[in-house]
Amino acid sequence: MREEPGIPPTGLPVDEELPERVGVLVLGGGLAGAAALLAAAEAGRYAVLLEKTASFGGSTVRSAGLSAFVGTDEQAEQGIADSVELLRKDLLETGGHVNDEALVDLYCDEQLDTYRWLKGHGVRYGHIHAASGQSAPRSHPTDTTAMLRALFTAAGRLGARLVLGADVKRIRTDGNRVIGVLVERDGESREVLADAVVLATGGFSRDRQMLERFAPQMAQALLAGGEGNHGDGLRMAMKLGAGLRDLPHIKGTYGIYHEAHHGEDGTGILAVYKGAIAVNRSGRRFVDESIPYKALGDASLAQPTARTWQVFDATVMAASNDEVPIYDFAGRQRAGMLEVAQTIEELAATLGTDPGVLEDTVADYNARVVGGEPDPWGRVHLVGGVGERIPIDTPPFYAQLSGTVVLATYCGVTVDTSMRVLDVFGDPIPRLYAAGELVGGFHGAGYMTGTSIGKSAIFGRVAGRAAATEESDLEW
Ligand SMILES: Cc1cc2nc3c(=O)[nH]c(=O)nc-3n(C[C@H](O)[C@H](O)[C@H](O)COP(=O)(O)OP(=O)(O)OC[C@H]3O[C@@H](n4cnc5c(N)ncnc54)[C@H](O)[C@@H]3O)c2cc1C
């Protein structure tokens, strides 16, 4: 893996000291926290964000930066037909219809306004493409570091402040009403009082222990995401009786280089979506490679040692695109992450697959593609319902060691449509809000690409606005 990325404090409205008392206290310096902070500041409240690590950005700055929006300028420029109704339908379908529909509706209702709000603060989006769970292309790429910098800077102009190295340990209550937090900083414990607290501490994709408890099926998966993402907010909310949703649906993502490697940015590649096949260590296919990458992740974890290979040829390599990390095959070759050979026999020898098996697998795949015969694994297209299968027959041949990585956990506390955290009986925990990856219910049993960055911005903004309406104990 590459060095831990993160946004240093230079040029941001950072305070060296912890405040005593604030209006809205936001925990976590990723996108959900940034959006909540700015929204609370725009509502006129003294808002402060506490970040546990030495830099800002969490998983947000490690991400591919894709947001799922519809009705945007970029979709119009590319002539893409899409609608809020289609977005809603896709969200419910990918979520297996077990999503919290109120949160799906909230996303749909607020997404365009939030997109315009982000653009108004200087966020820019690039060329849109289609991805998992989307009936129409709606993945809007952006530079997440620039996005966070823009939001923090705008919040700073309104008086908001950021504090680094502030590891929040507990939420303080008076009765069941939240009154602040207990923070550790520079080896000392301190209380910070607040009229409202917004949990935006991300998921637990870096916490092996929590994953073992809630997602034992991920035991052999690699872990990615922000270095501070250990489920702290979830634990603190659970202590106050917060309800939980979507925990049984934690999934990994296929395509990561299944060993520590300096060239791995955490996203992996999906050569399978451009025509590669996936084989296990014996050299046998094990899945319809066109299915969503989370489902590929499950299939790969079920293989012996959970290590598989994506095998492809020069035709797939020619589709390499260095602007889309999951399709940057040439970049992987430059980083020394691909095995290369002039024949499938040679490639098989390098990979150490069972004698003759990879050769038979590729020959059978090619014969069926050319002959138009059905695929034994049911593959019809390259990805989803798009693209025709192509034979793997043009040297050189390539293979990437590929496995499954937990990038995000997409599950967590129950909330209402004001992002108030609800307890196990469905009652709000007074003055406690949540946004971003630690919110449960929205995704349901599956995940549409771009909806985690999308939800962090949309729900973060809702949470900040709502938290700002809490009655203030502050005396100015
Ligand atoms: C490689 C990768 C690619 C991805 N690509 C996409 C994509 O293209 N589109 C998409 O929608 N999603 C994507 N995701 C998921 C997405 O990035 C995250 O779900 C989202 O950014 C979460 O935002 P957040 O603000 O909730 O949390 P984060 O950005 O993780 O921020 C949480 C912050 O809280 C801090 N924190 C934790 N505990 C404490 C504490 N006790 N006290 C104070 N601070 C604390 C953390 O250090 C962290 O900085 C990707 C994830 C990864 C890892």
Longer than 28 Å from Cα to Cα, which of K52/K274; K89/K239; K251/K274; K52/K239; K294/K455; K89/K251 are they? Say none if no pair is. K52/K274; K89/K239
Need one number: nm distance between label points at A314 and F425, each 7 Å from Cα along Cα→Cβ, rounded to one decimal. 7.1 nm
Expected output is a single nm value to one decimal: the length gained when fully extending between V84 and R307, i.e. 0.36 nm times separation in residues minus the C-alpha distance. What is it? 76.4 nm
Carbon plus sulfur, as percent of the 1.4 Å-probe accessible area of the chain, comes to 50 percent
Near T404, within a Cβ-to-Cβ distance under 12 Å, what is the net charge of the other residues, with Lys and Arg +1 and Asp and Glu -1? +2
Please give the contour-minus-distance gain from H121 to V340: 0.36 nm per residue of separation, less the Cα-Cα distance, rounded to one decimal in nm. 74.3 nm
Distance in nm between E16 and A295 label points, each 7 Å along Cα→Cβ, equals 5.6 nm
Probe 1.4 Å, protein heavy atoms only - accessible area per residue of the chain in square angstrom: 38 Å²
Tilt, helix 451-467 to longest principal axis of the chain (alpha-carbon atoms), in degrees rounded to tens, equals 10 degrees
Using a ≥ b ≥ c from the Cα gyration tensor of the chain (square roots of the eigenvalues), is it rounded, prolate or oblate, where a/c under 1.5 gives rounded and otherwise the larger of a/b and b/c decides, a/b for prolate? prolate
Give the calculated FRET efficiency between T173 and H261 to the nearest 0.05, with a Förster radius of 60 Å applied to their Cβ-Cβ distance. 0.85
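How would you order 175-187, 106-118, 38-50, 8-20 from highest to lowest mean count of nearby Cβ atoms within 10 Å?
The packing order, highest mean first, is 38-50, 106-118, 175-187, 8-20.
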Cβ-defined net charge surrounding H127, 14 Å radius [Lys, Arg +1; Asp, Glu -1]: -4
Under a Cβ-Cβ cut-off of 12 Å, what is the net charge of the residues other than R177 that fall near it, where Lys and Arg count +1 and Asp and Glu count -1? -3
Rounded to the nearest 10 degrees, the helix 357-371 long axis (Cα) sits at an angle to the longest Cα principal axis of the chain of 90 degrees
Distance between region 267-343 and region 382-437 - C-alpha centres, whole angstrom: 20 Å
With angles folded into 0 to 90 degrees, how steeply does helix 101-120 sit against the dominant principal axis of the chain? Use alpha carbons for both and round to 10. 80 degrees
Roughly how large, in nm² to one decimal, is the mean projection of the convex hull of the alpha-carbon atoms in region 175-323? 12.6 nm²
Once both label points are put 7 Å beyond Cα along the C-beta direction, the E77-D360 separation in nm becomes 5.2 nm
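The values are calculated or read from the model by the stated rules, or taken from the named source; none is laboratory data. Source: prediction; values computed, not measured. FYI the Cβ positions are ideal-geometry reconstructions off the backbone, even for glycines, and counts take in every protein chain you see. What goes into the accessible areas is simple: the full protein's heavy atoms, side chains included, and nothing from ligands, DNA or RNA. Shrake-Rupley method; radii C 1.70, N 1.55, O 1.52, S 1.80 Å.
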